[in-house]
Amino acid sequence: MKWEGNRESDNVEDDRGGGGFGGGRSIGLGTIAIALVASYFFGISPTTVLSLLSGGPASQPQSQQAPGPNRAVRAEDRQTKFVRTVLADTEDVWTQIFRANGKTYAAPTLKLFSGTTQTACGTGQTASGPFYCPGDRKVYIDLSFYQLMQQRFHVSGEFAQAYVIAHEVGHHVQNMMGIMDKVNSAERQMSKAQKNAMSVRLELQADCLAGVWAFHANQARSILEQGDIEGALNAATAIGDDALQKQAQGYVVPDSFTHGTSAQRVRWFKQGISSGEVKSCNTFEVKTL
């Protein structure tokens with residue numbers, strides 16, 4: 001992926017170093033993956049699992065420590081610059097798309113953290129993976145997730161990492177378009193299985209919107225190199241509900257899906273990157289996902 005030298009966003013908060021899961025043995029990426037799966041499928045707090053696996057007692061998430069003076073310094077490592085550049089690219093693309101439709105795009109803030117972090121949606125945790133909080137309009141990422149993608153799921157490449165950011169920004173776009181509010185209202189009258197099905201449509205639309213970003217970013221700045229799209233598709237495949245469930249328990253439970261199957265995630269990302277049109281991402285009106 002070609003990104004070096006492009007504009008970097010100032011909408012990044014670097015809050016790394018203030019979180020953590022307490023004492024005990026060190027926690028590796030394999031342990032985090034176990035905690036993520038346990039949390040995702042069995043409703044167990046990732047912090048509880050991590051505490052038990054690291055030899056400590058089960059406990060509630062700890063609040064982050066106050067930022068130290070050294071954390072006010074803008075990090076200039078390659079991965080942080082990459083995140084700032086990708087976020088800037090999403091800002092440029094969505095500002096243009098919103099303007100073309102007579103609307104104003106308000107860019108989200110991306111917060112880098114490690115361990116745990118406080119959000120308007122509750123305590124964010126490394127083991128939960130990257131996420132978007134509509135309450136404070138922020139995208140949260142622990143950069144160790146990218147190591148997890150490579151080591152646990154065998155997904156590598158910078159464009160695959162950019163896809164993760166673009167997916168979460170896609171949720172922000174949904175929030176700005178009022179889609180999240182409509183989904184939340186509809187879910188109040190739904191069963192658990194129906195809510196899961198609605199969540200799948202929301203997530204697949206975010207995958208499609210990530211593809212829309214990639215289409216326009218490539219047209220404007222020629223960011224794509226050979227193998228980039230395949231890398232993003234590999235990422236979408238690795239984090240499909242069916243793939244994760246097979247890895248965790250050896251079988252799948254479709255009614256429990258909340259993000260979509262590998263094939264569905266691939267299909268909707270490809271839909272967005274091939275069309276470049278937001279209207280092509282209406283996952284809520286199609287019968288077959």
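Once phi is turned into θ = phi - 60°, what whole-Hz ³J(HN,Hα) does the Karplus curve with 6.51, -1.76 and 1.60 give for every residue of region 156-172, x standing for Gly and Pro?
9, x, 5, 5, 4, 5, 5, 4, 4, 5, 5, 5, 5, 5, x, 5, 5
Please label the shape of region 192-242 as rounded, prolate or oblate, based on the square roots a ≥ b ≥ c of the eigenvalues of the alpha-carbon gyration tensor (a/c under 1.5 means rounded; beyond that, a/b larger than b/c means prolate, else oblate). Could the numbers behind the result be given before it?
Working: a/c = 7.01, a/b = 1.95, b/c = 3.60.
In terms of gyration-tensor shape, oblate.
Rounded to whole Hz and in sequence order, give me ³J(HN,Hα) for region 215-230 from the Karplus expression 6.51 cos²θ - 1.76 cosθ + 1.60, θ = phi - 60°, writing x for Gly and Pro.
Karplus values, whole Hz, x for Gly and Pro: 4, 6, 4, 6, 4, 7, 10, 6, 7, 7, 10, 4, x, 5, 5, 4.
For Thr109 and His154, what does the FRET efficiency come to when R0 = 22 Å and r is the distance between their Cβ atoms, rounded to the nearest 0.05?
Details: r = 31 Å, r/R0 = 1.41.
Computed FRET efficiency for Thr109 and His154 comes out at 0.10.
Give me the one-decimal nm value for the distance between modelled label points at Asn184 and Lys287, 7 Å along each residue's Cα-to-Cβ direction.
Roughly 3.3 nm, to one decimal.
Please list the non-local residues whose amide H lies under 5 Å from the amide H of Phe131, H modeled 1.01 Å from N, same-chain partners needing a gap of 5 or more.
Distant-sequence amide H within range of Phe131: Tyr140.
In terms of modelled amide H atoms, which long-range or inter-chain residues lie less than 5 Å from the amide H of Gly260?
Amide H neighbours of Gly260: Asp241.
State, as an integer percentage, the relative contact order of region 114-259 based on alpha-carbon contacts under 8 Å between residues 6 or more apart.
23 percent
³J(HN,Hα) across region 80-89 via Karplus (A = 6.51, B = -1.76, C = 1.60, θ = phi - 60°), whole Hz, x for Gly/Pro?
With the stated coefficients, region 80-89 comes to 5, 4, 4, 4, 5, 6, 5, 4, 4, 5 Hz.
Given points 7 Å out from each Cα along the Cα-Cβ axis, report the Arg99 to Gln249 separation in nanometres with one decimal.
Calculated label separation equals 4.9 nm.
Pull up all non-local amide H partners of Thr119: gap of 5 or more, or a different chain, and H-to-H distance under 5 Å with H placed in the peptide plane.
Close amide H contacts, sequence-distant or interchain: Gly124.
Bear in mind that the values in this text are calculations on the coordinates, not laboratory data. Values in this document were obtained by computation on a predicted structure and should not be read as measured data. Every residue, glycine among them, receives a Cβ derived from its backbone with ideal geometry; neighbour counts consider all protein chains shown.
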